[in-house]
Structure formats: structure tokens, C-alpha cells
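Q: The structure is given below, and queries will be raised subsequently.
The values are calculated or read from the model by the stated rules, or taken from the named source; none is laboratory data. Note that this is a predicted model, so its numbers are computed, not measured. Virtual Cβ from ideal backbone geometry, glycine too; neighbours counted across all protein chains shown. For the accessible areas, the whole protein counts, side chains as well, though only heavy atoms, and no ligand, DNA or RNA atoms are used. Shrake-Rupley method; radii C 1.70, N 1.55, O 1.52, S 1.80 Å.
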Amino acid sequence: MFSFLRKKSADQKPAQDRPPAETVDENAVAAPGSEGAGIHASVESVVTSESEAPATLAVEAPVAQGEESPAQPVAESVAEPMPAPGFFHRLRDSLSKTRTALSDSLSSLVLGRKTIDQSLLDDIETQLLTADVGLEATDHIIQSLTNKLQRKQLANPQALLDSLKAELEAMLLPCSQPLVISGSKPYVILVVGVNGAGKTTTIGKLSKRLQNDGQKVMLAAGDTFRAAAVEQLKVWGERNQIPVVAQPTGSDSASVIFDAYQSAKARGMDVLIADTAGRLHTKDNLMHELEKIVRVLRKLDPDLPHETLLVLDSTMGQNSLSQARSFHKTISLSGVALTKLDGTAKGGMVFAIAKELQLPIRFIGVGEQVDDLRPFDARQFVDALFSSD
């Protein structure tokens, strides 16, 4: 008798580990060219990526699944990821610290009270000031609530909360004006702000957003006082495959932006986004340099720049309002972008800026991802602040 040998299964092979995703080393970018560029020196070579897209923006391919063994379950590592939450949920989560400081504290203060009186409104006033809503905005809100209380329109705590939410929304609605690219090309966006506010990162995210909308975008590395800023902008250009115009560190910033505008116009670009050196709003000489950039641009076209966008760090609270005042006085701002809302309890400064300056809030940054820079929507913002988990 011949016995039959049982065949061992050869189908079960260990899944081969994928190599880790490449990361972009921002410090590995080559330094700018040699010295010697004049006031209208020729622009540095256009930065474009000829290699494959950087790993930070790439979508990883799904892991190939082998044949399932009856005795071995499918590994959890190959399971499909849960879908990403919608933007409203991400906005609500990113505002969690501000929500705790503002709406949750107000709800704890109001709900459960049997009577609505002036003493309660005084407590609300203190809470609003503590949440960085600002003196002028707080005075406006308390005065409105006092008038309603006197007219007996605040019958119960919930009516008071609803009225408070409506006041906050009404304050933000005039500032809910998205950026519209129109008119002559290239549409010039001059980006300003203090060091560390997130100007360069905002430019990178904004350029990607405009590119996804079908716009041809060029960047101007006008922050010539800090070599790392030029390199960082080049990295964003390489990631998004967007041309970047730059000159050596120490060059005149107005010259760089002047040459970038000429290049963008010659190449038929739709949008030119110009970075500028970060500067303290208290330094008059640095603010005068911003005035020079604007004067140089207006020699080319009286309407330039089409948008002067101030980037504000939301973690700075009321200090952001001081910055906005100084920049607006110097170069007449046309819009504001608020960054780092996901890491601060001082998001109430949005109301202070809206009430005092009444500038359009173009964008808010709610995270580190490239698509976490979103157009500001007043109703959505207030709903997220008062939304329960």
C-alpha cells in the first residue's frame, strides 16, 4: 500500500513589510544662490518638482491582502480605516479648548438659575472677558442682553443662552466674507504678520487650495531677512509643484516682489502670493518697509496689492488685536487669517477683532493638515462653539 503524503500549504506567506514613507527634510533644501542680485536682479530659477510627489501629500496604497486561511483571521493592520470626520466635527474638536473656556463655562453659569437678573449678567460679563472676547465686544453683548432683560424678553436660562449665541453670531456675520479671486491677472495677495504667526505655512496651504480650484499660482519669497523662511517657502513650492521666485538672503524685499510680479504676469499666472518678513508691530522701521513694498507695487498698478492678508496667531489672545490695529493703520488690511485655533483657549479673540476692526476673516486654521485651512463661516463657527460632544 502506498500512503499519500499530505501537502503543506505554501500559500501562507508573511506579508512583506512596506518601506516607511519618505519624509520631506525642509533643512535639506539647497541654499539660495550667490550674492550680487540688484534691485531688479534676475529672478532665481523656478522651483518645480521633477520627481514624484512628496510623501507628505501622497496617498498610501492599500495593503494587498493575501488568501485567507480558515485557521487564521485577517490581521487588523489590513482593515480599512474609518472615514475621516466631516469638517464641522473637526472644527468642533479643534475649538474644544475655546468651547470649554467660553460656551461650556457660560452654560454652567446660566443653566440651573431660577431667575435672570443683573447679577447674572455681571457674571456673564466677567466670563466673556476671561475668554478673550474683548472689552468692546463684551460691552456690546452685555448692553444688548440688559435691554432684553428690561423688556422681559429673557424668560428663562435657555432663552438667555440662545440670545447670547445670537449676539455672538450677529457680531461675526459681517466678517464672514470669503476671498474671491477676480479682476486683472495676476491677482496679488500680500501676506503679512509677526514672526511665528504661521505666515509661510498659511501661504503653502492657501496656494494648494487655490491650485485645487484650478488657479495657476506663483509664490514670491519676500521674507529675505530669514534664510529659513525662503527655504521653507521653496519646500512648499516643491510639494505643490508651484514656482517660487527668490533672491539671496538679505536682498531688498520690495525688489523680490517686484520681479515676481513681472515674472507672474509674463507667464500668465492667475495668482501671486507674496511672503513678507515677519516683524513686530511695535517696530516702526520694519513697518515702514511694508509701506515701501506697497508703494513699489502701486507703481506697477494702482490697485496692487489686491489683497493684504494679515496672519494672526490665535494663541496670542488680545495681543493679536494690538497687532491687527498696527498693521491696519500702516498698510490698510483687507482680510485676516487666524491660525492655531486648534491649540488655544483664546479663540474668543475672533469676536474682539470682528467688533473693533470689522475686517473680513478670510480663513481659519484648525489643524496641521494641508486642507485644514478653511474659509471662515460665522454660523458654522458659533455652532461649533456651542455644539455638545
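Q: Taking region 88-122 as the search range and keeping residues that are touching a residue at least 60 places away in the same chain (Cβ under 8 Å) and β-branched (Val, Ile, Thr), which one is nearest to Leu373 (Cα to Cα)?
A: Ranking the qualifying residues of region 88-122, first place goes to Thr98.
Residues are listed down the side, and each one gets a yes or a no for (1) buried (at least 17 other Cβ atoms within 10 Å of the Cβ); (2) in contact with a Ser or Thr (Cβ under 7 Å, 6 or more places away or on another chain); (3) under 19 Å from Ser387 (Cβ atoms); (4) in contact (Cβ under 8 Å) with a residue 24 or more places away in the chain:
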| position | (1), (2), (3), (4) |
| --- | --- |
| Ile181 | no, no, no, yes |
| Pro186 | yes, no, no, yes |
| Leu190 | yes, yes, no, yes |
| Val194 | yes, no, no, yes |
| Leu206 | yes, no, no, yes |
| Gln211 | no, no, no, yes |
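Q: What pairs come up if the first residue lies in region 352-368 and is touching a residue at least 12 places away in the same chain (Cβ under 8 Å) and at negative phi, the second is assigned to a loop (DSSP other than H, G, I, E, B) and of a type in the set (Gly, Ala, Ser), and their beta carbons are under 6 Å apart, counting only those six or more places apart or on different chains?
A: Going by the 6 Å Cβ cut-off, the qualifying pairs are Ala352/Gly134.
Q: From (1) open to solvent by less than 40 Å² (accessible area, probe 1.4 Å); (2) over 23 Å from Leu338 (Cβ atoms); (3) free of Cβ contacts under 8 Å to residues at least 60 places away in the same chain, pick out the condition that doesn't hold for Leu164.
A: The single condition Leu164 does not satisfy is (2).
Q: I'm trying to understand the selection: among the residues of region 123-141, which are open to solvent by 70 Å² or more (accessible area, probe 1.4 Å) and either more than 19 Å from Gln358 (Cβ to Cβ) or in contact with a Ser or Thr (Cβ under 9 Å, 6 or more places away or on another chain) (or both)?
A: Residues satisfying the conditions are Thr126, Leu129, Thr130.
Q: Now a separate question. Any residue in region 243-252 that is open to solvent by less than 10 Å² (accessible area, probe 1.4 Å) and among the hydroxyl-bearing types (Ser, Thr, Tyr)?
A: No, region 243-252 contains no residue that is open to solvent by less than 10 Å² (accessible area, probe 1.4 Å) and among the hydroxyl-bearing types (Ser, Thr, Tyr).
Q: Kindly evaluate Leu172 against the criterion of being open to solvent by less than 40 Å² (accessible area, probe 1.4 Å) and in contact with a strand residue (DSSP E or B) (Cβ under 8 Å, 6 or more places away or on another chain).
A: On the way: open to solvent by less than 40 Å² (accessible area, probe 1.4 Å): yes; in contact with a strand residue (DSSP E or B) (Cβ under 8 Å, 6 or more places away or on another chain): yes.
Taking the combined requirement at face value, the residue satisfies it.
Q: For Gly348, indicate whether it is open to solvent by 10 Å² or more (accessible area, probe 1.4 Å) and either farther than 22 Å from Thr308 by Cβ or among the aliphatic types (A, V, I, L, M) (or both).
A: On the way: open to solvent by 10 Å² or more (accessible area, probe 1.4 Å): no; either farther than 22 Å from Thr308 by Cβ or among the aliphatic types (A, V, I, L, M) (or both): yes.
So Gly348 does not fit the description; no.
Q: When the residues of region 281-332 are narrowed to those that are open to solvent by less than 10 Å² (accessible area, probe 1.4 Å) and in a loop (DSSP other than H, G, I, E, B), which ends up farthest from Ser253 (Cα to Cα)?
A: Per the criteria, the residue is Gly317.
Q: Can I ask one more? Does Asp342 satisfy the condition of being of a type outside the set (Lys, Arg), open to solvent by 10 Å² or more (accessible area, probe 1.4 Å) and in a helix (DSSP H, G or I)?
A: Working: of a type outside the set (Lys, Arg): yes; open to solvent by 10 Å² or more (accessible area, probe 1.4 Å): yes; in a helix (DSSP H, G or I): yes.
Yes: the conditions hold for Asp342.
Q: Now, a different point. Give me the pairs: first residue in region 213-236 and without any contact (Cβ under 8 Å) to a residue 24 or more places away in the chain and closer than 18 Å to Asp371 by Cα, second residue in a loop (DSSP other than H, G, I, E, B) and of a type outside the set (Val, Ile, Thr), beta-carbon distance under 9 Å, and six or more apart or on different chains, which are they?
A: From residues that are without any contact (Cβ under 8 Å) to a residue 24 or more places away in the chain and closer than 18 Å to Asp371 by Cα, the pairs are Gly214/Asp270.
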